[in-house]
Structure formats: C-alpha cells, structure tokens
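The values are calculated or read from the model by the stated rules, or taken from the named source; none is laboratory data. Not measured: the values here are computed from a predicted model. No Cβ is skipped: glycine too gets one built from the backbone with ideal geometry, and neighbour counts run over all protein chains shown. What goes into the accessible areas is simple: the full protein's heavy atoms, side chains included, and nothing from ligands, DNA or RNA. Shrake-Rupley method; radii C 1.70, N 1.55, O 1.52, S 1.80 Å.
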Amino acid sequence: MSMAGDDAPSAEALRAALRAITDPASGQDIVAAGLVEGIEIRGGLVQVALLTDRAHAAKMEPVRKAAEVLLARQPGVVNAAVVLTAQKPQQAAAPTAPVAHGGHQHGGHQHGGQAQQGGHGQKAALLLPDVKAIVAVASGKGGVGKSTVAVNLAVALALSGHRVGLLDADIYGPSLPRMLGLARRPEVHGDKMQPLEAWGVKCMSIGFLVEEETPMIWRGPMVMGALEQMLGQVSWGALDVLVIDMPPGTGDAQLTIAQRVALAGAVIVSTPQDIALIDARRGVKMFERVHVPVLGLVENMSYYCCPNCGHRAELFGHGGARAEAARLKTDFLGEVPLVLEVRTASDAGTPIVAAAPESPSAKAFRAVADAVWAKLAGTVRASGPRIVME
C-alpha cells in the first residue's frame, strides 16, 4: 500500500471502525466509553492512544491488541500502533515529586494509579525475547558518524559468522536505507513486517516506509509508537545480537528503548574534540542513569590520512575519546581514521568492512566489533533496566 497522503485513511473512518471493539469494563464500544484519547495519522502510519491506568493496563492489553489488528486491516493503513496511555490530572504534581499521578473515569468506576515513590517506572513486558544481546550505538550529539559506526559494526559482526540485526531508531533522520543500499519496502506477513537483508544483516528503518525526502514531523508519542512497532512487530527471529542505531541526544526515544528491551550495553561514539566529548559524556551518564552498562567509547574521525602521500594529520585533535574513557572508567574500543573511502562506500550503500575489507578503516571497525563481541560474551542481561527519574 502507498504511503502517499491521498491514500491515507481519515481519523473519522478509523474512529468509526474502532466502535467494533468493546470496553470490557462498561460494555460500551471503546469510542463511546471515551477510551480513544487520540488518533495520529502520517501517511499510512497510524497511532491510536487508548486511555487506561496502571491498575487496569493488563486487562486492557487484549483490547489494545484487538484494536491494533482491526486498524491494520483498514484501507490505506500500512502499519498501526495502539498504545495505552494514562490521563494526567488537572492539578500539577509538586515540583519535588519524582513522577506525576494518573487516573481516569473508566466504565463508571474511578480508577487511579500513582507511580511508586522513588521513580520506578511501570514495567512492561520486554520485547525481543529471541535476541541474545542488544547493543545500542549512541552519541550525545549528531555529526560524529554514529550511523557509520553502527552499520559497520553490524556488518563486521555478521561477517564473523554471527546472526545480526540492525535497527535504525533515528525516526527523524533515518540513514540505513542509503548506507545499506536498500530502497524497497518490507513485506508484511500476517501482522509482522519482514526485515530487509543486506550484507548478512537483517535491517529495519522507518526510511523503508517513507520517501527519502519526506520529513517526519512527529510528536514524541508517534516516535515512541513507531519504535515499539519496529521492535515488537518485526519478524527479527533468533539473533545473536541486535545493533540499534540510536538517535543523537538523550530524549524520549532513548528512554523508550531502555524501558522496552533488555539492553546488554551501549557503545558511545565521539570525535576527538572537546565539544564532542562533552556530549559523549552526557550519553555515558544517561545510560548509567538507566542502569545500562557502557561497553566503551569509539573515537571516530580520529585522524586524517592523506591518500596521496600517507601523511597523518590530527584535524580534530587526537586521543580525546581514549582519555575520556579512562576518566569515565570505561573501555576504549578503538579509533577509526577519517578517510574518503568510508564516506564514498557509505553513500554507495556498501559499508567499508564489506567494500574494502583490508583497508585500515575496515580493520579498525573489525577491531571494534571484536572488542564489543568479547565484552558481550557471558554478559547477556536477563531483565530490563530500572528507569529512575530524579
């Protein structure tokens, strides 16, 4: 189905379709019961928020799934995500409170839920149970080559014989389609999207579902819903490792992933200059806050090698990430030089580790992959992190 705006369903049509779903508490349809809090439509991507609270979330899960299946069958819908949300009260929480209260009128009975003091987030079922290890590749800022590192890390792991997946979690700036040379849409079997494959890696990106120049003008809930879909509604199958190319920064997307999957660790990418290292430091601290181990730092664009004479120039300084790793008491995973071939290979859809496996850059990426795999051995987390908001 097309993602074009002319084919997109209307909110009115979707709301009418949702009247076929019954609210178990009131016996009314979920629209009449006032549970459909919002419908967001972007082309063929649809997200619906259903009103509930913590105490009744488990009972609402079958309703959520039924609504999702129903919406996915509607004309013009490429993918549908239904999420449960809690209505915030009119009175704001005290400034010192770690979290806000939530409650709503449901089926004629008042339900109210209060998050535990101390900031323990609601624990939902973790996604991707068949993936042995999930690694987030992150940075505190954009422009440091994080996606280049993520792609080459994933391909290097696959070339070493591991079963690897690669998720592009950067909804606003997806780059995997270009970097992997993929320009087709994933097939849908039943209620699951089938990941595309390139260079031995299973891949998924929002960029496979929209045109390359289409801006993703989405609010936070839409972004989080799309991430949940790409995690839980894709047939990833059994994997040794899933590499997640995280969006830059420390916002909603990072917290959503930390809450919904059991991250084995994070790889932080930086360039050598001080301003980039400050942002990398924020990334390290974020993962520490959500109790995800930092596997180490990678220094990208570490130095420049002249292709004509071989002269080495440290354009952005050198060794900053190694020194920062030591200061933060985490491992330094390696340095990757700034060379033209990495950029041209990425633009051509052929990661450097596959295009020129004997090049210095490819060897550097393989060394990073080996270091990451060595750290993953025997350290797969059995449960997800506890989110602590202070």
Within the stretch 212-238, tally of residues that are at pLDDT 80 or above, touching a Pro at 6+ places or on another chain (Cβ under 9 Å) and of a type outside the set (A, V, I, L, M):
3
List every residue pair whose Cβ atoms sit under 7 Å apart, with the two residues 6 or more apart in sequence or on different chains, where the first one lies in the stretch 251-272 and is at pLDDT below 85 and the second, anywhere, is open to solvent by 10 Å² or more (accessible area, probe 1.4 Å) and among the acidic types (Asp, Glu).
Arg260/Glu228
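Across the stretch 273-284, which residue is modelled with the lowest pLDDT among those that are surrounded by 14 or more Cβ atoms within 10 Å (Cβ to Cβ) and part of a helix (DSSP H, G or I)?
Top of the filtered list is Ala276.
Listed here are the residues, each with its yes/no results for (1) assigned to a loop (DSSP other than H, G, I, E, B); (2) touching a Ser or Thr at 6+ places or on another chain (Cβ under 7 Å).
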| position | (1), (2) |
| --- | --- |
| Gly165 | no, no |
| Pro174 | yes, yes |
| Arg178 | no, no |
| Ala183 | yes, no |
| Pro186 | yes, no |
| Lys202 | no, no |
| Gly207 | no, no |
| Val210 | yes, no |
Restricting attention to the stretch 5-14, does a residue exist that is buried (at least 19 other Cβ atoms within 10 Å of the Cβ) and modelled with pLDDT of 85 or more?
yes
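For the subset of the stretch 287-298 comprising residues that are in contact (Cβ under 8 Å) with a residue 60 or more places away in the chain and assigned to a helix (DSSP H, G or I), which member is most open to solvent (accessible area, probe 1.4 Å)? Talk me through it step by step, then tell me what you get.
We begin by selecting, within the stretch 287-298, every residue in contact (Cβ under 8 Å) with a residue 60 or more places away in the chain; these are 287, 289-293, 295-296, 298.
Keeping just the survivors that are assigned to a helix (DSSP H, G or I) gives 287, 289.
Working: Phe287: 2, Arg289: 118 Å².
Among them, the one singled out is Arg289.
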Reported set for the stretch 191-207 where residues are without any contact (Cβ under 8 Å) to a residue 60 or more places away in the chain, over 17 Å from Ala226 (Cβ atoms) and either hydroxyl-bearing (Ser, Thr, Tyr) or open to solvent by 80 Å² or more (accessible area, probe 1.4 Å) (or both) is Glu197
Working only within the stretch 225-253, note down all residues that are under 17 Å from Lys146 (Cβ atoms) and either surrounded by fewer than 23 Cβ atoms within 10 Å (Cβ to Cβ) or small (Gly, Ala, Ser) (or both).
Pro248, Gly249, Thr250, Gly251, Ala253
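Specify the residue that is nearest to Ala226 (Cα to Cα); the eligible residues are those in the stretch 26-41 that are assigned to a loop (DSSP other than H, G, I, E, B) and open to solvent by less than 50 Å² (accessible area, probe 1.4 Å). Outline the logic, then answer.
We begin by selecting, within the stretch 26-41, every residue assigned to a loop (DSSP other than H, G, I, E, B); these are 26-28, 30-35.
Next, from what is left, pick out any that are open to solvent by less than 50 Å² (accessible area, probe 1.4 Å): 26, 30-31, 33-35.
Numbers: Ser26: 30, Ile30: 23, Val31: 23, Ala33: 26, Gly34: 24, Leu35: 21 Å.
So, considering only residues that are assigned to a loop (DSSP other than H, G, I, E, B) and open to solvent by less than 50 Å² (accessible area, probe 1.4 Å), the one nearest to Ala226 (Cα to Cα) is Leu35.
Residue-by-condition table, conditions (1) touching a Ser or Thr at 6+ places or on another chain (Cβ under 7 Å); (2) at pLDDT 85 or above; (3) part of a helix (DSSP H, G or I); (4) open to solvent by 20 Å² or more (accessible area, probe 1.4 Å):
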{"position": "Ala321", "(1), (2), (3), (4)": "yes, no, yes, no"}
{"position": "Thr344", "(1), (2), (3), (4)": "no, no, yes, yes"}
{"position": "Gly349", "(1), (2), (3), (4)": "no, no, no, no"}
{"position": "Ala364", "(1), (2), (3), (4)": "no, yes, yes, no"}
{"position": "Val368", "(1), (2), (3), (4)": "no, yes, yes, no"}
{"position": "Ala371", "(1), (2), (3), (4)": "no, yes, yes, yes"}
{"position": "Lys375", "(1), (2), (3), (4)": "no, yes, yes, yes"}
{"position": "Val380", "(1), (2), (3), (4)": "no, no, no, yes"}
{"position": "Arg386", "(1), (2), (3), (4)": "no, no, no, yes"}
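Being open to solvent by 40 Å² or more (accessible area, probe 1.4 Å) and either modelled with pLDDT of 90 or more or assigned to a strand (DSSP E or B) (or both) narrows it down to one of Lys132, Lys123, so name that one.
Lys132
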Test Ala354 against the stated conditions and say whether it is closer than 30 Å to Ala262 by Cα and exposed (fewer than 14 other Cβ atoms within 10 Å of the Cβ).
no
